[in-house]
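Structure record follows, encoded as structure tokens.
Every read-out reported here was derived from the displayed coordinates using simple, explicitly stated rules and does not represent laboratory data. Quick caveat, the model's predicted, so the values are computed rather than measured. Neighbour counts are summed over all protein chains in view; Cβ atoms, including those assigned to glycine, are modelled from backbone coordinates with ideal geometry.
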Amino acid sequence: GKALLRLIMPPGRISNGQILFNGDDIMAFDEKRLQDYRGRQASMIFQDPMTSLNPVQTVEQHLEEAIEVHDAGDKSPYIVKRIQTLIERLGIMQSRLNSYPHQLSGGMRQRVMIGLGLILNAGLIIADEATTSLDVIVEAKLVDQLREIRDEFGVTILAITHNIALVAEMADRVSVMYAGNVVELGEVNRIFDGPLHPYTQGLLASVPTTEINERKELYKMPGEPPNLVRPPSGCRFHPRCPVAMPICSRYRPGLNEVAPGHWVHCWLYQDHPEKEEKTIKVAA
């Protein structure tokens, strides 16, 4: 999530590639244009709002600062009106504007983070593990609110999450990543109903269900995640893949469109002279 806003702190860095947003390469932005991009065009809901919010600023001060940074000048009536309109839509009580972060519940802090993302009418909201620190009930309420915000404000929500249920409930399209690479990309129903990549199949098979079946064991993916300082050669998933072929350790597959809008990063769905044919079946 931070990489999309160019917020990677040293010694970390983005070594190469492009980050395209509405056709513009964010990596080429100067500081002034980058500041305008952050907030006006794209904003983020961080994983832990308690550490993301300033502990010595009230809710109102957070929202005022976000506007003033981008809209310099004396616009006090405009700022007040904008804040009042937003908090009404988010269900934040007027009395909470004078509260500090430690005086708010986890769900209310996340609402403030959402407000900071929407206060400048950003078209893209990046929700980076936004439900991780919440209990189940508060999480369900936040998911409902994110859906309402998406529909009411017309924003795009990019949810970065390990929560498979959240993906199934919210997403239109899904990008499955393993060790920094996109391994499968497509519409949510297509991915959940017919996953093609061995990692996606294993990931979905490992999700517990309420189905009672004494003979059916929960699927466990073999091996351990790779060291990204020295990633495996070829396909990064091949050391753990139950259907790996010799070619998988030697060459890196491309992201291949196997059906309209459905892309897979796997040699099972691509031709190569060294490829061996295999039937793929990870879990029932």
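Equivalent-ellipsoid semi-axes for the range 3-171 (Cα gyration tensor, √(5λ), whole Å, largest first): 24, 22, 15.
Summarised in one figure, the compactness ratio Rg/Rh of the range 31-115, Cα atoms and Kirkwood Rh, is 0.95.
If you count Lys pairs in the chain whose Cα atoms are under 22 Å apart, skipping same-chain pairs closer than 8 places in sequence, the total is 5. Exposure proxy for 240, 147, 230: other Cβ atoms within 10 Å of each Cβ, ordered fewest to most, give 230, 147, 240. One Cα centroid belongs to the range 159-183, the other to the range 100-153; the line between them spans 18 Å. Multiplying the residue separation of residue 137 and residue 57 by 0.36 nm and removing their Cα-Cα distance gives an extension gain of 26.1 nm.
Residue-normalised convex hull volume from the C-alpha trace of the range 1-51: 100 Å³ per residue. Placing unit charges on the Cβ atoms of the charged side chains and taking the dipole of the chain about its Cα centre, the candidate lying farthest along the positive direction among 164, 153, 228 is 228.
With both residues required to sit in the chain, DSSP beta bridges show an antiparallel share near 55%. Taking the Cα centre of the chain as origin and assigning +1 to Lys and Arg Cβ atoms and -1 to Asp and Glu Cβ atoms, the resulting dipole is close to 540 debye. When 70, 62, 162, 262 are sorted by how many other C-beta atoms sit within 10 angstrom of their C-beta, beginning with the fewest, the order is 162, 70, 262, 62. Amide H contacts of residue 183 (H built 1.01 Å from N, in plane; Pro and chain starts excluded): 176, 177, 178 sit under 5 Å, all sequence-distant by 5 or more or on other chains. Here is the list for the range 185-245: GluC sites (Glu not before Pro) lying in DSSP coil, each with at most 13 other C-beta atoms within 10 angstrom of its C-beta, are 211, 214, 217.
Approximating the spin labels as points 7 Å out from Cα along Cα→Cβ, the residue 250-to-residue 233 distance works out to 1.0 nm.
A Förster radius of 41 Å, combined with the Cβ-Cβ distance separating residue 257 from residue 65, puts the computed FRET efficiency at roughly 0.40. Taking the Cα atoms of the chain, the ratio Rg/Rh between the radius of gyration and the Kirkwood radius comes to 1.02. Residue ranges 43-50, 102-109 sort as 43-50, 102-109 when ordered by packing (mean number of other C-beta atoms within 10 Å per residue, highest first). Label zone of residue 2 (point 7 Å out along Cα→Cβ, amide N under 17 Å): in the range 102-140 this covers 126-130.
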